[in-house]
Amino acid sequence: MFFSSHAFSQNNYTVNGETLTLIEEVKGELTLYYAIVDSNYRYFVKKDGEIIELTNTKVGGKYHMEFRKQLEELTKNTNLNTSRVNFALYSLETFVNDYNESQDDDYERNDSTI
């Protein structure tokens, strides 16, 4: 069994008219949340007080990976590359930590041990 080195925070948020219990995974200028709804992971980021759901729609058997464009837009003040970011908690967590480190010299990574 593996445990994260940081405490998880759970709160209810309304996103696009839907009330969800979001679990805070990474906290910083860009904060990463996730929710498990009907056995599916949904990912959210918060920047400047706005919570945005990251999307990865599947049409005709192919994923569209919109989340990469969403992350590019949110982090356009950096040169971080989203091409290798996967729609999975650990990958998103790594990207968000990288962004937060680039914005704050005193930032401490919120790395999970999973």
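Some notes on this structure:
- Taking region 53-85 as the range and being under 13 Å from the mean Cα position of the chain (by Cα) and in a loop (DSSP other than H, G, I, E, B) as the test, the residues that pass are THR55, ASN56, THR75, THR82, VAL85.
- When region 86-112 is filtered for residues that are open to solvent by 30 Å² or more (accessible area, probe 1.4 Å) and outside any loop (DSSP other than H, G, I, E, B), the ones remaining, listed by number, are LEU89, TYR90, THR94, ASP98, GLU101, SER102, GLN103.
- Filtered residue count, region 13-39, keeping only those that are of a type outside the set (Asp, Glu), over 21 Å from GLU101 (Cβ atoms), in a strand (DSSP E or B) and open to solvent by less than 90 Å² (accessible area, probe 1.4 Å): 8
- The set of residues in region 86-114 being within 13 Å of the chain's Cα centre (by Cα) and without any contact (Cβ under 8 Å) to a residue 60 or more places away in the chain consists of ASN86, PHE87, ALA88, TYR90, SER91, THR94, PHE95, ASP98.
- Here is the figure for region 79-90: residues that are in contact with a helix residue (DSSP H, G or I) (Cβ under 6 Å, 6 or more places away or on another chain) and at pLDDT below 95 total 0.
- Residue satisfying all of: in region 34-73; touching a Phe, Trp or Tyr at 6+ places or on another chain (Cβ under 6 Å) and in contact (Cβ under 8 Å) with a residue 40 or more places away in the chain; nearest to ASN12 (Cα to Cα) among these: TYR34
- The set of residues in region 40-49 that are open to solvent by less than 70 Å² (accessible area, probe 1.4 Å) and either farther than 19 Å from VAL85 by Cα or of a type in the set (Asp, Glu) (or both) contains only GLY49.
The values are calculated or read from the model by the stated rules, or taken from the named source; none is laboratory data. As the structure is a prediction and not an experimental result, all values here were calculated from the model. Here Cβ is always computed from backbone atoms with ideal geometry, including for glycine, and neighbour counts include all displayed protein chains. Areas reflect the complete protein model, heavy atoms only, side chains present, ligands, DNA and RNA absent. Shrake-Rupley method; radii C 1.70, N 1.55, O 1.52, S 1.80 Å.
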